[in-house]
Amino acid sequence: MNLSLSPAEALRDALAGLLDGLPPTKAAQAVDRLIASYRGTTPTDAPVLRDRSDVVAYAAYRMPATFEAVRAALAALRDAAPEWVPGTHTDIGGGTGAASWAVAGAWDSAARTTVLDWAEPALALGRELAAASGVPGLTGAAWQRSRISAALRIESSDLVTVSYVLKELTAQDRAAVVTEAARAAQAVVIVEPGTPDGYARIIAARDALVAAGLRIAAPCPHSGACPIEPGADWCHFAARVSRSSLHRQVKGGSLAYEDEKFSYVVATRFPVAPAPARVIRKPQIRKGQVLLDLCTEDDGLRRDTVTKRHGALYKAARDAAWGDEWPPR
């Protein structure tokens, strides 16, 4: 592996060779079945990823999207706590390790990572990809089989990530895993699909993290109640993901990218400086003005109109993206 590659580039290269030897039809069938499992009622008494074919298809199809969503959440954590660097990282339900790749790319100083999952084929492929990556923080990662349930106990860790895991768990296990993450970590990052039910799981996790004494670092500008009326809307964001040939084969279409919709929460036990407001919808750029839908610390949900008379702020508004803090620091 080229050591000059970033983790994002190294991951793309690693995934590009994964499907060699796996017939395209078999890969597509595995992806179709996995999508159906994740969209439906997922059994909680057995791993969804059953064998190497499942894991290879899942990794090639889902790792880039999970990586980009977690990377966006970690960028928000870094904005809120620019001086903080984790020395240890535990990835709960990490599977093939997409979140760990994102952590490896977020900080120059490599955290000592432990990936926990109950699917041994996923751990085996994750270990294989990490060993070949040449990326500090991945080559020395520990990959441990562990049932992700109410019985889970983890060692104290600077950073705990839980990405695209909570939907796979029963309500009891879900609550217990969040509680355990809050107990063990200095910072917790939880990412779920950007759907109404994914957002509902994030809000429940957010409430539990605050109740455990953590403060919200992102995306919210505060640790108070979410101002969105339950059932009326949901908070989610988007990350741009390059589409592989497998994406195009399964989903059709010709675009070289797609947008991964996700919801997330970041909470810490140390002081942070959350964004004073965050852009929660795609900015609307009109002639001479930009409309920004914001979640704010003091005024709840608010729409700001930024015009040319605002000078430099107007240029910043034209450059603002969905999910950015506002105003930029």
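Computed quantities for the displayed model
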| item | result |
| --- | --- |
| Residues being in contact (Cβ under 8 Å) with a residue 40 or more places away in the chain and in contact with a strand residue (DSSP E or B) (Cβ under 6 Å, 6 or more places away or on another chain) - total across the stretch 286-300 | 2 |
| Output for the stretch 264-280, where each listed residue is open to solvent by 30 Å² or more (accessible area, probe 1.4 Å) and among the β-branched types (Val, Ile, Thr) | Val272 |
| Selected residue (only one of Thr114, Thr96, Thr139 is part of a loop (DSSP other than H, G, I, E, B), open to solvent by 10 Å² or more (accessible area, probe 1.4 Å) and over 19 Å from Ala267 (Cβ atoms)) | Thr139 |
| Cβ pairs under 7 Å, 6+ apart, first in the stretch 305-329 and over 19 Å from Phe237 (Cα atoms), second open to solvent by less than 30 Å² (accessible area, probe 1.4 Å) and assigned to a loop (DSSP other than H, G, I, E, B) | Thr307/Gly288; Lys308/Gly288 |
| Which numbered condition Ser109 fails, given (1) in a loop (DSSP other than H, G, I, E, B); (2) open to solvent by 30 Å² or more (accessible area, probe 1.4 Å); (3) touching a Phe, Trp or Tyr at 6+ places or on another chain (Cβ under 9 Å) | (3) |
| Residue that is surrounded by the most Cβ atoms within 10 Å (Cβ to Cβ) [pool: residues in the stretch 182-201 that are touching a Leu at 6+ places or on another chain (Cβ under 8 Å) and in a helix (DSSP H, G or I)] | Arg201 |
| Residue match in the stretch 305-313 (condition: charged (D, E, K, R) and touching a helix residue (DSSP H, G or I) at 6+ places or on another chain (Cβ under 6 Å)) | yes |
| The stretch 78-93, residues that are part of a loop (DSSP other than H, G, I, E, B), touching a residue at least 40 places away in the same chain (Cβ under 8 Å) and farther than 15 Å from Met63 by Cβ | Ala81, Trp84, Pro86, Gly87 |
| Among (1) under 26 Å from Arg52 (Cβ atoms); (2) modelled with pLDDT of 95 or more, the one test that Ala132 misses | (2) |
| Selected residue (only one of Leu214, Leu159, Leu169, Leu152 is modelled with pLDDT under 95 and either open to solvent by less than 40 Å² (accessible area, probe 1.4 Å) or within 30 Å of Asp299 (Cα to Cα) (or both)) | Leu169 |
| Matching strands (runs of 3 or more DSSP E) fully within the stretch 225-329 where at least 1 residues are touching a Gly at 6+ places or on another chain (Cβ under 6 Å), at pLDDT 95 or above and within 26 Å of Val162 (Cβ to Cβ) | 237-242, 257-268 |
| Flag if Ala122 is touching a Phe, Trp or Tyr at 6+ places or on another chain (Cβ under 8 Å), within 26 Å of Phe270 (Cβ to Cβ), assigned to a helix (DSSP H, G or I) and not polar (S, T, N, Q) | no |
| Candidate set: the stretch 73-93, residues that are aliphatic (A, V, I, L, M) and farther than 22 Å from Glu168 by Cα; chosen: the one most open to solvent (accessible area, probe 1.4 Å) | Val85 |
| Unmet requirement for Ala60, which otherwise passes all of (1) modelled with pLDDT under 70; (2) open to solvent by less than 20 Å² (accessible area, probe 1.4 Å) | (1) |
| Any chance Arg127 is part of a loop (DSSP other than H, G, I, E, B), open to solvent by 60 Å² or more (accessible area, probe 1.4 Å) and among the basic types (Lys, Arg) | no |
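The values are calculated or read from the model by the stated rules, or taken from the named source; none is laboratory data. Keep in mind it's a predicted model, so treat the numbers as computed, not measured. Glycine also receives a Cβ, built like all others from the backbone with ideal geometry; neighbour counts cover every protein chain displayed. SASA here: full protein model, heavy atoms, side chains in, ligands and nucleic acids out. Shrake-Rupley method; radii C 1.70, N 1.55, O 1.52, S 1.80 Å.
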